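Below: one structure, written as structure tokens.
Quick note: the coordinates plus some simple rules give every number you see, no bench work behind them. As the structure is a computational prediction, the values presented were derived from the model and not from experiment. Counting neighbours? That spans all protein chains shown, and the Cβs are built from the backbone with ideal geometry, glycine included.
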Amino acid sequence: MRAVVPAPSRPAPLTVSRPELLINGSDRHFRRLVHGLFGFLARHEAVRSGHGARIGLVGIEYTVLISIRHLAVENPDVSVSRVAEHLYLSGAFVTSVTNKLLKRGLIHKRPDPNDRRRVRLEVSEQGNALLAELAPVQRQVNDVQFGCLSTAEFLHLLDMIERLIDCGDNAIRLQDYFGQRPAAEITPPVELDAAPDRKRGRSRPAKLGRGR
């Protein structure tokens, strides 16, 4: 019986075109990177959810609560917009989460003495007690999760993440622009500056969120 020889598969279309992202003309390393990021973020989310569950919160509630606490160390004037900018989230979403924390008695919302239209967010005694209860386990888990990094690598990663967030915002705007046009019109390379800079209801990235 004659063996069936499978036909050679066609090469897959490249997913990037920048020379900096192609190694020997291949995008294999780029795909390893983005799939590796997916794997890391899935594990990071599991860790975050575990921190929250230990004190009876879902992951995002824990992240907003601890962000309010740490931001207050830098400046006691912690507003919804400041938390939203810090975590790269919309103000409406942060408002929804803080309302849940308020109902649980974990934060206070107090009128801003300088602007009665604004409120200041403060972690309550109950909220501080939960974060203090979590801290010993939190430190050990976080140390293990990032234990493979040296100080120099940690600072380099921090810088890269901040830049990648900016690049990610640009990519989303360009993707939105492409979504409004027929495929025939987007075959040639499109410069980002040519795409409309539409607001997406999110704050301009400023710095890496410290929700961990």
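Taking label points 7 Å from Cα along the Cα-to-Cβ direction, I172 and D112 give a separation of 2.3 nm.
Taking all Cα pairs closer than 8 Å and separated by 6 or more residues, the relative contact order of region 39-180 comes to 19 percent.
With neighbour counts taken as other beta-carbon atoms within 10 Å, the residues T95, T15, T63, T151 rank, fewest first, as T151, T15, T95, T63.
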